[in-house]
Amino acid sequence: GVRRMERVLQALADPTRRRILDLLAQSDLAAGEIARHFPDISRPAVSQHLAVLREAGLVRERREGRRRIYRLEPEPLRELWEGWLSHYQRFWDDRLAGLKRLVESEDWRGEGEQTDGGSGIPTDRRGS
């Protein structure tokens, strides 16, 4: 519900966590392999980022011996898209359609200019 969406949004707010998700979108990785992609961040800090992602349901952890392997769980992202973000797609579709109409209109070519036939060469409408 709403609480889960809030946890997902809070997890996604951090650029390091988004980069971790990008890595996991390519393949499952062990915690140590993830940490190697972030040389400026301590391993405990990477582990904390993974814990936030796990609590938000964005990653799943499984153990293989002493290794913890992380996998992306895309379902919360789908729920975020379908439950909230998709409502804004209409806004962008409308805006992009309006921009397309403007670019294809005579007004876009500029005041006082029109093209000569199909040549695309501007001619002066005022006859000067």
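Brief remarks follow.
- Check: the range 1-66 dipole with +1 on Lys, Arg Cβ and -1 on Asp, Glu Cβ, in debye: 200
- Projecting label points 7 angstrom from Cα along Cα→Cβ for Arg18 and Glu55 puts them 2.1 nm apart.
- Sequence-distant residues sharing a close amide H with Glu73 (under 5 Å, placed H): Val59, Arg60
- Across the range 22-33, rounded Karplus estimates of 3J(HN,Hα) from the backbone phi angles (6.51 cos²θ - 1.76 cosθ + 1.60, θ = phi - 60°) give 4, 5, 6, 5, 7, 5, 5, 9, 6, 3, x, 5 Hz, Gly and Pro being marked x.
Only the coordinates and a few stated rules stand behind these numbers; no lab work does. From a predicted model like this one, the values you see are computed outputs, not experimental measurements. Cβ: placed from backbone, ideal geometry, glycine included. Neighbour counts: every protein chain shown.
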